[in-house]
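**Q** If you scroll down you'll find the structure; I have some questions about it.
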Amino acid sequence: VTGAFSASVLLVGLSIVVWCVAILVIVAGPGLRSPSTSRVNRVLTAMGFGILWPKRFPSERPVPYSVIPLTVIAIDMIIATLPLALLLIVMIVQSFAPSVSVDPLLAKNVLWWFGHPVVYLLLFPAVAIYYLLVPRIAKRALVAGNIIAVGWTIAVIANVTVWAHHMYLDYPNGIQAAINTTMEPITFALTIVSALSLYSLLFTIYRSSWVWTAGSTALFLGLVSWLLSGLSGVINATIAFDNFVHNTMWIVGHFHHMALMNIGIVIFGAIYAFAPSLLGRTLYSDRLGLWHVWMTFLAGTAISVVWLIQGLEGAPRRFAVLPEQFDATNAALIPLVAVLGLAQLLFVWNMYKTFRGHASAATSRDLLAGVPRPRLT
């Protein structure tokens, strides 16, 4: 069983590597029309060096900002996945030859070397969507783009040199404690690219030609969630605070806030942006989309806040049933989850009607009156 499980995880890891290699092949291809014949030079150009040093890393067309986070995560995941693949191979061998052993502490470090960047495998494509769509909606160039490129240069290094903040409490003594202490400031460095991106994106929206549609609202609320969930993440990264919230529902609240209210809601924004153009149809109801987006944001954020509060009160994570003192806050989650589920039904209905080519009464009135329908692309 152990061998079969390890082999299945190994296949998943190899699929990630293949996907990342495909990204690097694309960005090193002819798309940017770089005169360099070196693939390494072309990859560095796509990573943002072409923005920082255009003479050293030239290209006939400007490097799209949305390409940078995809290039960075491709590099990071290849570096992070290969050691895990080696560990899994050893575990497969161990399942047949018990005399083969792996140091548990080493294995856990290798696991989190891979495990931490996996989060960015989800986040960085979402950031690429922000970089692509926010300037289009705002009808202006991305503010402070050069500064963003600096942030991603930091990120490509920090992302693969930080992992042990997941192990702060597991090994408080010895060499692992020294590694954990070193990881604290490096973890803080990861916030630089988020802070610079939020600064750039929000000021691109500020005093622009921003049009508030379901899609653009989802993108804006995703930025708000990125900021708020990032602040709770700083707590996790601080050893003194992590001593208090580690393995509590605080971690659950932080992760779901980032995964659902940032990454998840930007996916909805992208669907609202691209689906009408790809289908050649008008969105059934932008008003219904706004209801969906706002209900998702408010209910999802409230659920995460409840989990954060439970964590501060010591509620343990990974418990099938929490201790009875958390019954009241668990009961408060029920209507919030119901609202969140209802919001997704609104989304499904809106997209179903859009696929069928239908238009709501408000949309039909606008079309008859010649009012242009808002589109994000």
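**Q** Please give me, ordered by residue number, the trypsin sites (Lys or Arg not before Pro) of the stretch 1-86 that lie in loop per DSSP and have at most 12 other Cβ atoms within 10 Å. It would help to have the intermediate numbers written out before the result.
**A** On the way: sites: ARG33, ARG39, ARG42, LYS55, ARG56; in loops: ARG33, LYS55, ARG56.
Filter output for the stretch 1-86: ARG33, LYS55, ARG56.
**Q** Calculate how large, on average over all directions, the projected area of the Cα convex hull of the chain is; give the answer in nm² to one decimal.
**A** 22.7
**Q** While we're on this one: Mind listing the long-range amide H neighbours of THR248? Cut-off is under 5 Å, sequence gap 5 or more, other chains count too, H placed in the peptide plane at 1.01 Å from N.
**A** Correct list: ARG317.
**Q** Please report, as a whole percent, how much of the solvent-accessible surface of the chain comes from carbon and sulfur atoms (probe radius 1.4 Å).
**A** 72
**Q** A further question follows. Convex hull volume of the Cα atoms in the stretch 207-293, per residue, in Å³?
**A** 109
**Q** Same structure again: Out of every Cα-Cα pair in the stretch 21-174, what percent are more than 28 Å apart? Show your work: numbers first, answer last.
**A** Numbers: 4010 of 11781 pairs.
Tail of the P(r) past 28 Å holds 34 percent of the pairs.
**Q** Does the stretch 198-356 come out rounded, prolate or oblate, given a ≥ b ≥ c as the square roots of the eigenvalues of its C-alpha gyration tensor, rounded meaning a/c under 1.5 and, failing that, prolate meaning a/b above b/c?
**A** It is oblate, given that a/c is not under 1.5 and a/b is not larger than b/c.
**Q** Now for a different question. Computed over the Cα atoms, what is the radius of gyration of the stretch 95-241 divided by 2.2 N^0.38 Å, N being its residue count?
**A** Compactness ratio reported: 1.30.
**Q** Continuing with this model, one more query. What share of Cα pairs, in percent, lie more than 15 angstrom apart in the stretch 46-118?
**A** When every Cα pair of the stretch 46-118 is considered, 65 percent fall beyond 15 Å.
**Q** Further question: Go from 0 up to the bin containing the longest alpha carbon distance in the stretch 1-93, width 10 Å each, and give me the % of pairs per bin.
**A** Spelled out per bin, shortest first, that is 17, 38, 21, 15, 7, 0.
**Q** Does the stretch 187-228 come out rounded, prolate or oblate by the C-alpha gyration tensor, with a ≥ b ≥ c the root eigenvalues, rounded set by a/c under 1.5 and, if not, prolate when a/b is larger than b/c and oblate if not?
**A** oblate
**Q** Quick one: Karplus J couplings for the stretch 243-249, per residue in order, coefficients 6.51, -1.76, 1.60, θ = phi - 60°, nearest Hz, x for Gly and Pro?
**A** Ordered by residue, 3J(HN,Hα) equals 4, 8, 9, 4, 6, 10, 5 Hz.
**Q** Counting only heavy atoms of the protein chains, get the accessible area per residue of the chain (1.4 Å probe) and round it to a whole Å² value.
**A** I get 49 Å² per residue for this part.
**Q** Let me ask something else. Given a Förster distance of 25 angstrom, what is the FRET efficiency for ILE26 paired with LYS55, based on the Cβ-Cβ distance and rounded to 0.05?
**A** On the way: r = 24 Å, r/R0 = 0.97.
The formula returns an efficiency of 0.55 here.
**Q** Separate question: Would you mind getting me the FRET efficiency between ILE192 and ALA4? Use the beta-carbon distance for r and R0 = 45 Å, nearest 0.05.
**A** The pair ILE192/ALA4 has a calculated efficiency of 0.60.
**Q** Calculate, in nm to one decimal, what ALA177 and ARG33 gain on full extension: separation in residues at 0.36 nm each, minus their alpha carbon distance.
**A** 47.1 nm
**Q** I'd like the FRET efficiency for TRP212 and ALA338, computed as 1/(1 + (r/R0)^6) with the beta carbon distance as r and R0 of 30 Å, rounded to 0.05.
**A** 0.65
**Q** Give, in nm to one decimal, the length gained when the segment between ARG318 and ILE157 is fully stretched (0.36 nm per residue of separation minus the Cα-Cα distance).
**A** 54.8 nm
**Q** Same structure again: Please list 3J(HN,Hα) in residue order for the stretch 218-230, calculated via the Karplus relation 6.51 cos²θ - 1.76 cosθ + 1.60 where θ = phi - 60°; whole Hz, with x for glycine and proline.
**A** Each residue's phi maps through the Karplus curve to give 4, 5, 5, 5, x, 5, 4, 5, 4, 5, 5, 5, x Hz.
**Q** Still on this structure, please answer the following. Using θ = phi - 60° and the Karplus form 6.51 cos²θ - 1.76 cosθ + 1.60, what ³J(HN,Hα) does each residue of the stretch 135-146 get, whole Hz, x for Gly and Pro?
**A** Listing the rounded values in order: x, 5, 5, 6, 6, 7, 5, 4, 5, 6, x, 4 Hz.
The values are calculated or read from the model by the stated rules, or taken from the named source; none is laboratory data. Owing to the predicted nature of the structure, the values given are computational and were not obtained by experimental measurement. Don't worry about glycine lacking a Cβ; one is built from the backbone with ideal geometry, like all the others, and counts go over all protein chains shown. Just so you know, the surface numbers come from the protein's heavy atoms only, side chains and all, with ligands and any DNA or RNA stripped out. Shrake-Rupley method; radii C 1.70, N 1.55, O 1.52, S 1.80 Å.
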